[in-house]
Amino acid sequence: MKRKITLITGDGIGLEIMHAAANIIDKATNNIQWEEVSAGYTAYEKFGELLPEETIKSIERNKIAFKGPITTPVGKGFRSINVLLRQRFNLYCNLRPVKSFEGVNCLYKNLDLVIIRENSEDLYKGIEHMITDAAAESIKIITRGASERIADFAFKTAEKEKRGKVTLTHKANIMKLTDGLFLESGQKISQNYPHINFEDVIVDAMSMKLVMNPYDYEVIVAPNLYGDILSDMAAGLVGGLGMAPSANIGEDIAIFEPVHGSAPDIAGKNIANPTAAILSGIMMLKYIGEETAAIKIEDALKIVLKNNNLHTKDIGGRLSTTEFKEEIIKLL
């Protein structure tokens with residue numbers, strides 16, 4: 001029996017890159033059945049709402065979603081659909097691998113680390129209000145339960161992937177209660193994993209160190225806001241957001257998606273790089289136990305990326321989205 005997976009193509013280039021990634025997955029395994037639904041502006045134009053109930057029910061039924069980028073208006077307007085999905089399904093962990101690939105021009109070769117971001121609280125709770133016409137306040141929430149849970153996930157990831165060190169980043173020297181609690185929680189959980197090295201680094205220093213020598217790090221665990229910033233910065237070390245996959249993981253539901261945005265300026269032109277979507281699909285396949293298919297796709301992707309003549313425009317090549325997809329499918 002095929003595994004049903006919710007497919008959300010999203011906005012902008014989402015339709016192109018997500019269908020490309022889904023096509024590749026279909027060539028690698030016959031065990032997936034896609035249930036395509038809408039979210040974002042595409043859904044708003046069709047149903048009058050950014051996150052239709054049909055989409056929510058599909059995710060609840062299937063437990064696994066493969067999601068494209070969704071446009072979020074800046075400033076006043078609609079709340080982020082990404083944040084809404086994470087909070088609705090308690091997807092407490094945002095997992096972002098940072099890996100360089102041969103053939104892709106980037107600052108660091110042979111880089112392989114992972115950033116684990118607490119996904120359910122911090123300033124992203126969105127608790128804010130106006131104090132006066134000239135002052136606004138945002139409330140930062142850090143809890144012991146969420147902090148210990150994400151720290152434990154980081155150590156379990158290190159164990160599973162045979163990584164020897166976990167680095168917790170914080171600003172506890174200034175925010176002694178909130179970030180202090182996050183640090184204290186990490187220190188407590190580290191005692192359950194004496195075979196894994198543990199260190200903590202203040203987030204501003206972490207930013208500098210991650211740029212100067214990222215090879216010093218294997219697993220980085222951070223509160224929501226710091227993790228968001230650091231993971232985007234780290235993507236720049238390996239070729240940009242076009243090379244950045246992610247997973248949002250909860251107790252029984254997980255959503256896999258490329259980190260980059262919807263790029264409406266190039267939507268429909270068939271030039272978008274689907275690599276981040278493909279890498280997110282590989283993560284998803286491994287998560288659901290389709291290891292063989294995941295490895296087949298990853299091996300094919302590595303071969304294509306290694307050949308400079310087979311790149312999309314954003315990484316120095318001339319291939320369209322479709323042509324890039326077809327090169328991977330040939331190898332499958």
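The values are calculated or read from the model by the stated rules, or taken from the named source; none is laboratory data. The model shown is predicted, which means the values in this text are computed figures rather than measured ones. Note that each Cβ is placed from the backbone with ideal geometry, even for glycine, and that neighbours are counted across all protein chains shown.
Quick check on region 234-281: of everything there that is among the β-branched types (Val, Ile, Thr) and farther than 17 Å from Pro214 by Cα, which residue is nearest to the chain's Cα centre (by Cα)? Working first, answer last.
We begin by selecting, within region 234-281, every residue among the β-branched types (Val, Ile, Thr); these are 238, 249, 253, 255, 259, 266, 271, 275, 278.
Now drop any that are not farther than 17 Å from Pro214 by Cα, which leaves 249, 253, 255, 259, 266, 271, 275, 278.
On the way: Ile249: 10, Ile253: 15, Ile255: 9, Val259: 5, Ile266: 22, Ile271: 22, Thr275: 13, Ile278: 12 Å.
Out of the qualifying residues, it is Val259.
Would you say Thr71 is farther than 30 Å from Arg144 by Cα, hydroxyl-bearing (Ser, Thr, Tyr), buried (at least 16 other Cβ atoms within 10 Å of the Cβ) and in contact with a strand residue (DSSP E or B) (Cβ under 9 Å, 6 or more places away or on another chain)? If you could, list the steps in order and put the result at the bottom.
Numbers: farther than 30 Å from Arg144 by Cα: yes; hydroxyl-bearing (Ser, Thr, Tyr): yes; buried (at least 16 other Cβ atoms within 10 Å of the Cβ): yes; in contact with a strand residue (DSSP E or B) (Cβ under 9 Å, 6 or more places away or on another chain): no.
No: the conditions fail for Thr71.
Considering region 114-140 alone, what residues qualify as being among the hydrophobic types (A, V, I, L, M, F, W, C) and free of Cβ contacts under 8 Å to residues at least 12 places away in the same chain?
Taking region 114-140 first, the residues among the hydrophobic types (A, V, I, L, M, F, W, C) are 114-116, 123, 127, 130-131, 134-136, 139.
Hits for region 114-140 are Met130, Ile131, Ala134, Ala135, Ala136.
Considering region 285-305 alone, what residues qualify as being more than 24 Å from Lys63 (Cβ to Cβ), buried (at least 20 other Cβ atoms within 10 Å of the Cβ) and touching a Gly at 6+ places or on another chain (Cβ under 9 Å)? Spell out the reasoning first.
Pass one, region 285-305, residues more than 24 Å from Lys63 (Cβ to Cβ): 299-305.
If we keep only those that are buried (at least 20 other Cβ atoms within 10 Å of the Cβ) too, we end up with 300-301, 304-305.
Scanning region 285-305 gives Val304, Leu305.
Condition check ((1) on the phi > 0 side of the Ramachandran plot; (2) without any contact (Cβ under 8 Å) to a residue 40 or more places away in the chain; (3) touching a strand residue (DSSP E or B) at 6+ places or on another chain (Cβ under 6 Å)) across all residues:
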residue: Leu181; (1), (2), (3): no, yes, no
residue: Pro214; (1), (2), (3): no, no, no
residue: Asn224; (1), (2), (3): no, no, yes
residue: Gly242; (1), (2), (3): no, no, no
residue: Glu257; (1), (2), (3): no, no, yes
residue: Ile278; (1), (2), (3): no, no, no
- When Leu241 is evaluated against the numbered criteria (1) under 28 Å from Val203 (Cα atoms); (2) buried (at least 24 other Cβ atoms within 10 Å of the Cβ), which criterion, by number, is the only one it fails? (2)
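Quick one: which of Ala172, Ala154, Ala158 is in a loop (DSSP other than H, G, I, E, B), among the aliphatic types (A, V, I, L, M), at pLDDT 95 or above and buried (at least 16 other Cβ atoms within 10 Å of the Cβ)?
Values: Ala154 fails: in a loop (DSSP other than H, G, I, E, B); Ala158 fails: in a loop (DSSP other than H, G, I, E, B).
After ruling out the rest, the residue left standing is Ala172.
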- Message: If Ala65 meets every condition in (1) buried (at least 24 other Cβ atoms within 10 Å of the Cβ); (2) touching a Gly at 6+ places or on another chain (Cβ under 8 Å); (3) not polar (S, T, N, Q) apart from one, which number is that one?
- Response: (2)
- Note on the structure: Taking first residues from region 292-305 that are closer than 16 Å to Glu102 by Cα and in the same structural domain as Glu327 (by TED's automatic domain parsing) and second residues anywhere that are of a type in the set (Val, Ile, Thr) and outside any helix (DSSP H, G or I), the pairs with Cβ under 6 Å that are 6 or more apart or on different chains are Leu305/Val104
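Restricting to region 106-138, give me the number of residues that are over 17 Å from Ser80 (Cβ atoms) and outside any strand (DSSP E or B). Working first, answer last.
Step one: of region 106-138, the residues over 17 Å from Ser80 (Cβ atoms) are 106-116, 129-137.
Filter once more, keeping what is outside any strand (DSSP E or B): 106-111, 133-134.
The total comes to 8.
Within region 22-34, identify whether any single residue is touching a Ser or Thr at 6+ places or on another chain (Cβ under 7 Å) and either within 20 Å of Val83 (Cβ to Cβ) or among the small types (Gly, Ala, Ser) (or both), and answer yes or no. Can you show your working first?
Filtering region 22-34 for residues touching a Ser or Thr at 6+ places or on another chain (Cβ under 7 Å) gives none.
No, that holds for no residue.
Just to be sure before I move on: is Leu95 under 27 Å from Ala39 (Cβ atoms), without any contact (Cβ under 8 Å) to a residue 40 or more places away in the chain and buried (at least 16 other Cβ atoms within 10 Å of the Cβ) in the structure I sent? Give the steps one after another, and end with the answer.
Numbers: under 27 Å from Ala39 (Cβ atoms): yes; without any contact (Cβ under 8 Å) to a residue 40 or more places away in the chain: no; buried (at least 16 other Cβ atoms within 10 Å of the Cβ): yes.
Answer is no for this residue.
Filter region 227-240 for residues that are part of a helix (DSSP H, G or I) and in contact (Cβ under 8 Å) with a residue 60 or more places away in the chain and give the result. Give the derivation first.
Within region 227-240, the subset part of a helix (DSSP H, G or I) is 227-238.
Passing the criteria: Gly227, Asp228, Leu230, Ser231, Ala234, Ala235, Gly236, Leu237, Val238.
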- Residues being surrounded by 23 or more Cβ atoms within 10 Å (Cβ to Cβ) and over 12 Å from the mean Cα position of the chain (by Cα): count how many of those fall in region 222-233. 4
- Does Pro194 satisfy being over 24 Å from Ser120 (Cα atoms), surrounded by fewer than 16 Cβ atoms within 10 Å (Cβ to Cβ) and modelled with pLDDT under 95? no
